[in-house]
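Read through the structure below, which is laid out as structure tokens, and then see the notes.
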Amino acid sequence: MYASREDIGYDFGDDSKVGSKPVKPNPNIDGGWAWMIVLSSFLVHILIMGSQMALGILNMEWLEEFNQSRGLTAWVSSLSMGITLIVGPFIGLFISMCGCRTTAIIGGILNALGWILSAYASSVHYLFLTFGVTAGIGSGMVYLPAVVMVGQYFQKRRALAQGLSTTGTGFGAFLMTALLKHLCTEFGWRNAMFIQGAISLNLCVCGALMRPLSPKDLLEKYVVRSDSEEKQAKALSHSTETIKSNGVLSEEPEKKEEAANEEVLGSVQHIEIGGKSGSGRSMYGLRILKTVSQLTVTVRKGFALWYSSYFGAASLFTNRVFVAFIIWALFAYSSFVIPFIHLPEIVKQYNLSRQDNVFPLTSIIAIVHIFGKVVLGIISDLPCISTWNVFLMANFTLVTCILTLPLVQTYVGLAVVCALIGFSSGYFSLMPVVTEDLVGTKHLANAYGIIICANGISALFGPPFAGWIYDITQKYDFSFYIAGLLYMVGIVFLLIQPCIQKKQPREKSTEEAQV
């Protein structure tokens, strides 16, 4: 069990026993407040991922302001995007102890603070700290809870719900590109960042909407899970059974720890009740002791669950398909990020600024990206379609576009390639669904935290690498070629591991027959 009481849920033990009892479906699962969670996640994607996709506008302003190399200046954007995703596993610890709602509200304040402080930057290195680190950590504290909460509230229409919520990235990229361009033109880039910081405070409102599900609600979600989804989850990851069967996930040590904790808290309550006739100061001291004891229990339990998920004997890394998924994530995200950061410069080199000002290429990616997420989500929810196969096909299309982009030097050709990049990158809406199918709902927070951490490493080094290659060759061509080839390596890992998983049972049966 890897999730908190408040937001992630419990390990309910044997599903067959639970399923034998008739349980009334909860209206908040796949409906009701679940759509408010989708709205909250949608706004989070607009304010965080959308604004990060529009950083190419600010990147050009920073190049003119500080007169530094493209490789060094690109570190500002890549730090912000990379740290947002890299902190995922550590944000999982916050979620285990504080819950998604509290974590998201704190992150919203920190993100806004990073934008506002960056308005007073005196150098690129100052932006590394304020925008890259501070705003990046704040973004990560909001982004992971927004994804996890959608996964908890939806079961039958998970892919569609994730698709709708993550379309905020496309809407945000389109809106924030126009907004930042307008603000920079009218008020300058410093005032633009200050205004954006004020807008980012709305992340706190989004966090407040993330109402946690009760353990009873989560129990009902497991009951209504369909047999077809169970079969699909088993087909995707045979090794998940190994994780569930190991001793770390057993309930007995956890129950013993809970019993001990309840005994300690019970003794405090007994003393408190028995000492009502005592002085008010003694009662106040007992209440403080009780609060500290409860906080200590929560922190210890949250850290134990978080630690066991990553470093325990039954950690998520024992799932070989999930490990291949991580390797893919290490190479994939940079191929999507590099065009957003460097396309404005490429357009300028090709003397296409006039056409791009009418309709920016990054806006084309953003708009088509919206439709890609929704369409791929709807297709994946069809009973006869495998989410895994849709995910792989979209990846093949995207890597082909990345390798083709340097060969096109006309606006129309670039627009077509950018549209294909936008549509195929809609597979991002399927990532939480694929992750949940691999590891289960209970482990989604920590597992998805690992995946976005790998994506963050990719985003961290991708844009600076592209800028560094440009400083050497005075071309962006080799940057796209190398990024595309590395991306292809990650896809090959995704193709190999499921085949190995399917062959293993056959090999074992052959050995038993020989014996």
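What follows is calculated from the coordinates using simple rules that are stated; it is not laboratory data. Not measured: the values here are computed from a predicted model. In this analysis, Cβ positions are derived from the backbone assuming ideal geometry, glycine residues included, and neighbour counts consider all displayed protein chains.
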Taking every C-alpha to C-alpha distance in segment 308-495 and binning by 10 Å from 0, the per-bin percentages run 9, 35, 33, 17, 5, 1
One finds the C-alpha centres of segment 54-92 and segment 406-422 to be spaced, in Å, by 24
Checking rank on 53-59, 137-143, 331-337, with mean other Cβ inside 10 Å and highest first, the result is 137-143, 331-337, 53-59
Here segment 428-444 yields Karplus 3J(HN,Hα) values (6.51, -1.76, 1.60; θ = phi - 60°; whole Hz; Gly and Pro given as x) of 4, 5, 8, 4, x, 5, 4, 4, 5, 5, 6, 10, x, 5, 4, 9, 5
Segment 46-134, Kirkwood Rh and Cα Rg, ratio Rg/Rh at 1.02
One quarter of the C-alpha convex hull surface, i.e. the mean projected area of segment 432-500 in nm², amounts to 5.5
Over segment 27-218, the quotient of the Cα radius of gyration and 2.2 N^0.38 Å is 1.04
The ³J(HN,Hα) series, computed from each phi in segment 320-336 with the Karplus coefficients 6.51, -1.76 and 1.60 at θ = phi - 60°, rounded to the nearest Hz and given as x for glycine or proline, is 5, 5, 5, 5, 4, 4, 5, 4, 4, 5, 5, 10, 6, 5, 4, 5, 8
For the pair Asn351 and Trp33, the simple spin-label estimate (label points 7 Å beyond Cα toward Cβ) gives in nm 6.1
With the label point 7 Å along the Cα-to-beta-carbon line of Thr291 and a cut-off under 15 Å to each amide N, the hits in segment 99-129 are none
Protection proxy (average C-beta count within 10 Å per residue), highest first, orders 376-388, 110-122, 453-465 as 453-465, 110-122, 376-388
Net charge near Ser40 (other residues with Cβ under 11 Å of its Cβ; Lys, Arg +1; Asp, Glu -1) is +2
Phi-derived 3J(HN,Hα) across segment 77-93 with the Karplus relation (6.51, -1.76, 1.60, θ = phi - 60°), rounded Hz, x for Gly and Pro, is 5, 5, 5, 4, 5, x, 5, 3, 9, 5, 6, x, x, 6, 5, x, 5
